[in-house]
Number of protein chains: 2
Amino acid sequence: MTTAIRSEFDQGIALTRHLDEPGRYDGELGAGWQIGGGVNGGLLLAMAGHALSLEHGVAGGGHADPVSISGYYLSASAPGPATVRTEVLRAGRSLSTGTASLSQDGVERLRVVASHGDLAADDGEVRTTAQAPQLPPPDQCIGVEHAPKELIAQAALLERFDLRLDPATIGWALGQPSGNGRIQGWFRLADGREPDPLLLLLVADALPPVTFDLGMPGWAPTIELTVHLRARPVPGWLRVTHATRNVAGGYFEEDAEVWDEAGRLVAQSRQLARVPRRA
Amino acid sequence: MTTAIRSEFDQGIALTRHLDEPGRYDGELGAGWQIGGGVNGGLLLAMAGHALSLEHGVAGGGHADPVSISGYYLSASAPGPATVRTEVLRAGRSLSTGTASLSQDGVERLRVVASHGDLAADDGEVRTTAQAPQLPPPDQCIGVEHAPKELIAQAALLERFDLRLDPATIGWALGQPSGNGRIQGWFRLADGREPDPLLLLLVADALPPVTFDLGMPGWAPTIELTVHLRARPVPGWLRVTHATRNVAGGYFEEDAEVWDEAGRLVAQSRQLARVPRRA
């Protein structure tokens, strides 16, 4: 007898199609994905993207991969039941576009617009001039088990990750932020679940806020997060970089790149976040 | 007697509130904003952002400036009447978030989600590490009147602009694209209308596609465009850069930065666009 064990991530974004309401999916936000008092924004984006994958998989000709997805965060989410209501705006030949609204107890947490397609159908031509990040190998990077206890206590989701940060970008954990506005490292899921497009939506928001490296501790609430998925990742480690170049007026942008073991730039994302309040 | 002359841009995004349908605004897409057979995507984004400015101005406590705005382009627009239907999702203390749907004859052209605020209320702290582009002065740059006639013929909107491109990034106009994936120059409106937040939404999509500089002629349809407004621009010239670093799988990202004469990085944008079809 074979018992299918669902990964923590697949369980985290699992959805049940509602029988009486077209386009509606029900899920459960797990306590294990909390960070700083709310549920991680990347997980919410992945759940909403998952709902649209299911919707387009039936109605949209197999456009199951998010190619571009934008989320606006409306209120802090909490562990417990969540509902995602989807609307298909356009079912095209290569892309299908729709909206998703994730709510809890009737209060909207996240509004998403996204275009889904089939990343396996890409024509393969690649002209990437971006440079992959240079990182020491994973066993020479710093696991989050070495992070300050008060950080871990606020970020249950770190236990889901095997995250190894580049020692050159982790001075903030020792009270010596570099001021460069850059954090980078290796990422995989702790339970060994391999990467796919939906996981990349989580990865885009998985590292500590880049403001830690600017000497600004505290969690940075996301206003908006857009992820472009540019290729299906191969199995293995992901290299992730977070960087900011414009902290101003109480906000900052955080650009993430995700590279897979084949050396492909598989995802690019940018979020606008609020600068953490001073302690 | 004083006659108020409305600028071309203000006329281009002008809206009338519908008396019988809350949240609805009616406008007219002008033939002068066409490019490559459709109406410029930046102008559409500015019109949708304008509708939400009006909506939040009444309902949202003076949150008239788009701070973050994301648009998904659903079908090609044409000169003629357009309707924008808005919905306020959340009216917060510092930001109000809403959706806007721009349609023509019942066909949706653009779906937007955006958070509006008051850029004048920012606390002023600026820690920008991004470097402003180095450009020769405007009178040593290349006006679009020197662009190939077949380009001008497809881009009526260029007549609205005083756009001066850096000679170092305009080799493509002479059949010698640099291959760097970068186009930059000075921008202002031809009729002298000074920049403001809504104009920056147009500017983010105003330069020729950066793929021209990669030797890929043809217009590049936008899938998604997100603009972050980071400060109110001062009057005068804007410096604009467009760059791409990841052409892959039939799509490319185009990152734009807009700097004002005070040296502020006033807007950052990224779009995902389709690689132009081969001629």
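Values in this text are rule-based calculations from the coordinates and carry no lab data. Please read all numbers here as calculations on a predicted model, not as lab measurements. Neighbour counts are summed over all protein chains in view; Cβ atoms, including those assigned to glycine, are modelled from backbone coordinates with ideal geometry.
Going 7 Å from Cα along the Cα-Cβ axis for the label, what nanometre distances separate A:Glu159 from the same residue across the other copies?
6.7
In whole Hz, with x marking every Gly and Pro, tabulate ³J(HN,Hα) for segment B:144-155 from phi via Karplus 6.51 cos²θ - 1.76 cosθ + 1.60, θ = phi - 60°.
So the Karplus estimates, Gly and Pro as x, are 5, 5, 8, 5, x, 4, 5, 6, 4, 4, 8, 9 Hz.
Treating only the Cα positions of segment A:135-279 as identical point scatterers, give the base-10 log of I(q)/I(0) from the Debye formula at each q in 0.08, 0.10, 0.11, 0.12 Å⁻¹.
Log10 I(q)/I(0), no solvent term: -0.19, -0.31, -0.37, -0.45.
Report the convex hull volume per residue for segment A:16-121, counting only C-alpha atoms, in Å³.
95 Å³
With the crude spin-label approximation of a point 7 Å out along Cα→Cβ, what separation in nm comes out for A:Glu194 versus A:His146?
Label-label distance for A:Glu194 and A:His146, simple model: 3.0 nm.
Once you place label points 7 Å from the Cα toward the Cβ at A:Ala130 and A:Asp20, how far apart are they in nm?
Rounded to a tenth, the inter-label distance reads 4.5 nm.
Using θ = phi - 60° and the Karplus form 6.51 cos²θ - 1.76 cosθ + 1.60, what ³J(HN,Hα) does each residue of segment A:159-165 get, whole Hz, x for Gly and Pro?
For segment A:159-165, the Karplus curve yields 5, 7, 9, 10, 10, 10, 8 Hz.
By the scheme Lys and Arg +1, Asp and Glu -1, what is the net charge of all other residues having a beta-carbon under 15 Å from that of B:Ala76?
Charge balance near B:Ala76 sits at +3.
Which value at 222 nm does chain B reach when only helices count, each DSSP H run of 4 or more adding -39,500 (n - 2.57), with the total divided by all residues and rounded to the nearest 500 deg cm²/dmol?
That calculation yields -3500 deg cm²/dmol at 222 nm.
Using alpha-carbon pairs under 8 Å, 6+ residues apart, how would you state the relative contact order of chain B in percent?
Once divided by the residue count of chain B, the mean separation gives 17 percent.
Round to the nearest 10 and give me the degree value, 0 to 90, for the angle of helix B:41-59's Cα axis relative to the longest principal axis of chain B.
20 degrees
Mind listing the label-point distances from A:Glu125 to the same position on all other copies, shortest first, one decimal in nm, points 7 Å along Cα→Cβ?
Between copies, matching label points for A:Glu125 lie 4.7 nm apart.
Taking the label point 7 Å from Cα in the Cβ direction, how far apart in nm is A:Gln11 from each other copy of itself, listed shortest first?
Listed shortest first, these distances are 6.4 nm.
Express the relative contact order of segment A:165-240 as a whole percentage, based on alpha carbon pairs under 8 Å and six or more residues apart in sequence.
Dividing the mean separation by the residue count of segment A:165-240 yields 41 percent.
Could you work out how far apart the two model spin labels at B:Glu87 and B:Ala121 are, taking each label as a point 7 Å from the Cα in the direction of the beta carbon, and quote it in nm?
In this crude label model, B:Glu87 to B:Ala121 measures out at 2.5 nm.
Count charges around A:Ala168 for me, please; just the other residues with Cβ under 11 Å from its Cβ, Lys/Arg as +1, Asp/Glu as -1.
Once all neighbours under 11 Å are counted, the net charge is -1.
Return the sequence-ordered ³J(HN,Hα) values of segment A:227-242 in whole Hz as given by the Karplus equation 6.51 cos²θ - 1.76 cosθ + 1.60 applied to θ = phi - 60°, using x for Gly and Pro.
10, 9, 9, 10, 6, 6, x, 7, x, x, 5, 10, 9, 10, 10, 10
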